[in-house]
Structures are given as structure tokens and as C-alpha cells.
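Participant: Got a structure for you, questions after.
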Amino acid sequence: MQCPAALVSAPASGQGKTLVASAMARAWRDQGLNVIAFKCGPDFIDSMVLKAATGNPVYNLDLGMCGLADGQAQLHHAAQSADVIILEGVMGLYDGTPSTADIAKAFNIPVALVIDASGMAQTFAAITHGLYDFDPAIIKAGVVANKVGSAGHAKMLEAALLTETPWLGAVARDEQFSLPERHLGLHLANEITDLDARISEASKALTVNGDLALPPTVSFEAPAHNTTDQLLAGKTIAIARDAAFCFIYPANIDCLEALGATLIYFSLLNDNALPEADAYWIPGGYPELHLEIIQQNSEMRTSLAKAVADNKPILAECGGMMALGETLNGSPTFGLLAGNSQIQTKLQGLGTQHLETDVGTIGAHTFHYGKFESSITPSHTAKGKYGAGEAIYQYKSITASFLHFYFPSNHQLTAAFFTS
């Protein structure tokens, strides 16, 4: 299956990858094309911005958490309906093991570079060619200069490039092109009230007469055919989804449905009781920004306690776990787990981890500033790149951890999360 595709990367984080990838996607969408975007790595927040740009769900590609076969299947599926595929990298092009460059090489996807050119002239070209020449296997899609000072500045940067590197345009240094950030990264897409206007204006900067040229065509191989056992047939799983709990991989939703589950949604913030279901999933998010509502929702606290008393399985991830504890930043939370959480000034967990159990290994990711202190003895400890990782707590019918699990990486364990 063939489809034009490009992977947007950079020398480092903070160069403007999300804005430029979204601008490119919007430009193609405005040309009447069906654009499907992916986020390299396990990030949730950038994916929300890309979804706003494309109008399509955004899936994750990560060789560590998701695996090579999953990426192959996702890309092949996307190529069947997309007119163009765009991927946003994570950190710098060669950062991490595996890296964004490893993803590009694994699927032969050309790399488009985004470089913050503020305070820079001909060195812009040196960085561009250094990134490409560091690994000759990287296919060049071209370079975008971000935060240029003027049209003359952009022309100087373009002129410095060697002829074999395409110039993809420039985005001016302007507040209208910046995306606000907080401790976990960008603000959520629905919190940026003028996000659509920002993306549209940035897209205009990259188009010529309203058009943006398509990247090279890539061939995506079909994955091996695998059947999925209906391990959750007949089960209804209720998923918390609101402003505080929204870190959900789209592939996890697909996986639960493929396993036979019926999915319904509710709000821990706005609803007074849990919906009737066989099991519940409380994903991560920003409960620390909604503590007053959580504290006041005594009806939901009672409903959660009843679900535990009825032995209904509950999976609580990261912010979901902190919300089920006794306090968060000193404010009372739902009180189902013995433990207190506090948001720290320094990062407390970051990276891909794997949970190994009797039914195999599941990929997961952790990224949090929260600290959870509990008297509960962990049932398992995940493994990270450098040794022991996050704790997994099992208390009555609750499974809780700072980990965000990637369900497609282990169907049996995923089903076990939601069955008593």
C-alpha cells in the first residue's frame, strides 16, 4: 500500500515540531486531502493538537512501547484511506533508544526537519546537514525554519542550504504561532481557545498560492494477519473521560472493542454516580487542576466505594490513581486507596516501561510530576530501561499505577484488568 508520508523531527524538544506538523497537516487538509497523523512516542497532548489540525484520530507509533509490528499495522491501515500521512517525532531526531530516526528508518519515511532559527544565520544549514549526514540512511524531506525574524532572514537561511535539501518554508517569530505550555507539555487542545486560528495562520506561512507540495510516496507493507479472541465479550466497560481524565490512547479503545467489550463513557467531575458497567477505567490527566470539584463530589465518592464493594474491577492510571487516593496536594480526593499524592517541582517518572506477569508482558509509559506515598505493598514493579520502574498496586478490585498501559501489546493482560 502506497501513500505520501513525512516524519517531522528536530534537533531537540521545543523547536516547534507540533505547530509545524499541525500546520502542514492543515495545509493539506485545506487542499481537500484526507490527512492522517501519528505521534511518535507515547505522548497524549501533542496528539490532541494534531487531531484538531487533521480532523482525524491520532495514533501513537513507538517501537519501545507499541512495537514494530503494531506500527506496521497502524501505518498500513492508515495508508488505505489517507491521501497523505504525517508523523510528529519525539524530542530530537536521534534522542532515545529507540529514537525517532529508528522509526523513520524502520518504515522508510522521509524526515522533514524543524529548526528554531531565531538568532541564527548560516549555522542553520550546518545543523540541517549535520542531522541528515549523521545517518545517511535518513531520507531527506526538507527543512522548515521556525521563528524567523523577517522575510530577509528566511531568504538567508534558504540560500545557505545545499541544493539537495528541499526548503519547505519558514514560520515567523510571532506570539500567534506559539502554543502555551505547562508542566506536562502543551496545554490541552480544548484549553487553547484560538488553537484553530493559530494552526491556520501557520499553515498559510508554509503554502505557496494556497498549496503545499506532498512529500515522497512510501510503500507500507501489510502486517501478518492475527485473530483476536473475544476475551471481553459480553462485558461493558465504563471509561472516565472529561477535562481531568483524558489521556487515552485511541489504540486502547480499538483494542477493547476488538476484544468484544461494549464501551460507555462518564465524567468523574460532572456525574454524580458511575454508570452501570462490569468494569471501570480511570485514565490519567490533570486531576490536580480540578481538586475543588473532586472534593465536592461526594456522590461519586459513594458510587466508587460501592463499585469496589461489589468487586467491580477498576483500572486507575496515573492521574486516575492519584484521584482514588486520600489526598492530592493536601486536598481530599475519592479516598479508595490508602495513600497521598503531591505534585513535585521535578519530574518523578519518565520513559517506556514493561510490566511482566504470568500472562506475559505489556508495554507502558510513565511521565509525571506526582508522588504517591502509600502503605499498600505493590503487587508488581515494572521494568524500565535502567532497572526497577513504577509500582503497580492491587487493592481489592482496584489496579492502580502511574503507568499508562498500551493495551494492544498484551490482550490477555488487558482483559485481566477488567475481569474479576
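The values are calculated or read from the model by the stated rules, or taken from the named source; none is laboratory data. Since we're looking at a predicted model, the values are computed, not measured. Neighbour counts run over all protein chains shown; Cβ positions are idealised from the backbone, glycine included.
Participant: For the condition surrounded by fewer than 21 Cβ atoms within 10 Å (Cβ to Cβ) and in a strand (DSSP E or B), what is the one hit in His365, His354?
Facilitator: His354
Participant: Moving on to the next point. Any residue at all in the range 267-278 that's touching a residue at least 24 places away in the same chain (Cβ under 8 Å), surrounded by 15 or more Cβ atoms within 10 Å (Cβ to Cβ), among the hydroxyl-bearing types (Ser, Thr, Tyr) and over 18 Å from Phe417 (Cβ atoms)?
Facilitator: yes
Participant: Output the residues belonging to the range 32-66 that are touching a His at 6+ places or on another chain (Cβ under 9 Å) and either in a loop (DSSP other than H, G, I, E, B) or in the same structural domain as Leu403 (by TED's automatic domain parsing) (or both).
Facilitator: Within the range 32-66, Gly41, Pro42, Asp43, Phe44, Asp62, Gly64, Met65 meet the criteria.
Participant: A further question follows. May I ask you to say which residue of Asp271, Asp254, Asp242 is among the acidic types (Asp, Glu) and in contact with a Ser or Thr (Cβ under 8 Å, 6 or more places away or on another chain)?
Facilitator: Asp242
Participant: Given Thr128, Thr100, which one is within 28 Å of Asn34 (Cα to Cα), among the hydroxyl-bearing types (Ser, Thr, Tyr), crowded, with 23+ Cβ neighbours inside 10 Å and not assigned by TED's automatic domain parsing to the domain that holds Ile253?
Facilitator: Answer to the selection: Thr100.
Participant: I've got another one for you. Would the range 142-163 turn up any residue that is at negative phi, in contact with a His (Cβ under 7 Å, 6 or more places away or on another chain) and either surrounded by fewer than 19 Cβ atoms within 10 Å (Cβ to Cβ) or of a type in the set (Ser, Thr, Tyr) (or both)?
Facilitator: Taking every residue of the range 142-163 in turn, at least one turns out to be at negative phi, in contact with a His (Cβ under 7 Å, 6 or more places away or on another chain) and either surrounded by fewer than 19 Cβ atoms within 10 Å (Cβ to Cβ) or of a type in the set (Ser, Thr, Tyr) (or both).
Participant: Being in contact with a strand residue (DSSP E or B) (Cβ under 8 Å, 6 or more places away or on another chain), assigned by TED's automatic domain parsing to the domain that holds Pro283, free of Cβ contacts under 8 Å to residues at least 24 places away in the same chain and under 22 Å from Leu268 (Cα atoms), is that true of even one residue in the range 365-386?
Facilitator: Within the range 365-386 (the criterion being in contact with a strand residue (DSSP E or B) (Cβ under 8 Å, 6 or more places away or on another chain), assigned by TED's automatic domain parsing to the domain that holds Pro283, free of Cβ contacts under 8 Å to residues at least 24 places away in the same chain and under 22 Å from Leu268 (Cα atoms)), the answer is no, since none of the residues qualifies.
Participant: Another one. On the basis of being touching a Ser or Thr at 6+ places or on another chain (Cβ under 8 Å) and either over 19 Å from His404 (Cα atoms) or surrounded by 15 or more Cβ atoms within 10 Å (Cβ to Cβ) (or both), does Gly349 make the cut?
Facilitator: Considered against the rule, which asks whether it is touching a Ser or Thr at 6+ places or on another chain (Cβ under 8 Å) and either over 19 Å from His404 (Cα atoms) or surrounded by 15 or more Cβ atoms within 10 Å (Cβ to Cβ) (or both), Gly349 comes out as yes.
Participant: Could you check Val111 against (1) under 18 Å from the mean Cα position of the chain (by Cα); (2) within 14 Å of Phe38 (Cα to Cα) and say which number it fails?
Facilitator: Among (1) under 18 Å from the mean Cα position of the chain (by Cα); (2) within 14 Å of Phe38 (Cα to Cα), Val111 violates only (1).
Participant: Related question: If the Cβ limit is 8 Å and pairs must be 6+ apart or interchain, which residue in the range 112-125 that is under 26 Å from Ala25 (Cβ atoms) pairs with which residue that is of a type in the set (Lys, Arg)?
Facilitator: Pairs that qualify, where the first residue is under 26 Å from Ala25 (Cβ atoms) and the partner is of a type in the set (Lys, Arg), are Val114/Lys17; Asp116/Lys147; Ala117/Lys147; Ser118/Lys147; Ser118/Arg173.
Participant: Considering only the range 389-405, state which residues are buried (at least 20 other Cβ atoms within 10 Å of the Cβ), of a type in the set (A, V, I, L, M) and more than 16 Å from Leu304 (Cα to Cα).
Facilitator: Step one: list which residues in the range 389-405 are buried (at least 20 other Cβ atoms within 10 Å of the Cβ), which gives 389-390, 392-393, 398-405.
Among the residues that remain, those that are also of a type in the set (A, V, I, L, M) are: 392, 398, 400, 403.
Residues satisfying the conditions are Ile392, Leu403.
Participant: Of the numbered conditions (1) touching a helix residue (DSSP H, G or I) at 6+ places or on another chain (Cβ under 6 Å); (2) crowded, with 24+ Cβ neighbours inside 10 Å; (3) in a helix (DSSP H, G or I), Ala21 satisfies every one except a single condition; which is it?
Facilitator: So Ala21 meets the others, but not (1).
Participant: Here's another thing I want to ask about it. Tell me which of these Ala137 doesn't satisfy, since it passes every other one: (1) outside any loop (DSSP other than H, G, I, E, B); (2) over 27 Å from Val171 (Cα atoms).
Facilitator: Just one mismatch for Ala137, condition (1).
Participant: Same structure again: State yes or no: is Ala323 more than 20 Å from the chain's Cα centre (by Cα) and surrounded by fewer than 24 Cβ atoms within 10 Å (Cβ to Cβ)?
Facilitator: No.
Participant: Please specify each residue of the range 196-220 satisfying the condition of being part of a loop (DSSP other than H, G, I, E, B), hydrophobic (A, V, I, L, M, F, W, C) and free of Cβ contacts under 8 Å to residues at least 40 places away in the same chain.
Facilitator: Ala213
Participant: Can you confirm whether the range 235-244 contains a residue that is touching a residue at least 60 places away in the same chain (Cβ under 8 Å) and surrounded by fewer than 15 Cβ atoms within 10 Å (Cβ to Cβ)?
Facilitator: Checked the range 235-244: no residue is touching a residue at least 60 places away in the same chain (Cβ under 8 Å) and surrounded by fewer than 15 Cβ atoms within 10 Å (Cβ to Cβ).
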